[in-house]
Amino acid sequence: MDPSVNASHDYSFKDNSGTRICEQHEEIAELYDLQDSLEQYTRKNSMETHGVPENTYTSTEELSLKLAAAVEVSVDPKDIEISRKL
């Protein structure tokens, strides 16, 4: 085999690999952005509370309703998809 032919072929392969790696890096970055957007979307209706003594409510749903009433926001119990203590 002629070494110059193999070197040329290997060089071509490296160029293709570099292009594929670059494309994969771009795709990974795009996937991270999409994941971040999805996480932000799923949190858009979320509420997290801190510093409320546990003896002031009997359920996390009750806490959510009391807090909403305190800031004069109308919230119906059916509006709460899920509530839980973390």
**Q.** ARG43/SER83 FRET efficiency (R0 22 Å; Cβ-Cβ; nearest 0.05)
**A.** 0.95
Q.
To make sure I understand, if each residue's beta carbon is the centre and we count other beta carbons within 10 Å, what order do HIS50, HIS25 fall in, fewest to most?
A. HIS50, HIS25
Q) Once label points are set 7 Å from the Cα along Cα→Cβ at both ASP36 and VAL71, what is their separation, rounded to one decimal in nm? A) 2.5 nm
Q: Indicate the gyration tensor shape class of segment 30-86 (rounded, prolate or oblate), computed on the Cα atoms with a ≥ b ≥ c the square roots of the eigenvalues: a/c under 1.5 is rounded; otherwise a/b larger than b/c is prolate and the rest oblate.
A: prolate
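Values in this text are rule-based calculations from the coordinates and carry no lab data. A quick note: this is a predicted structure, and the numbers were derived from the prediction, not measured. Note that each Cβ is placed from the backbone with ideal geometry, even for glycine, and that neighbours are counted across all protein chains shown.
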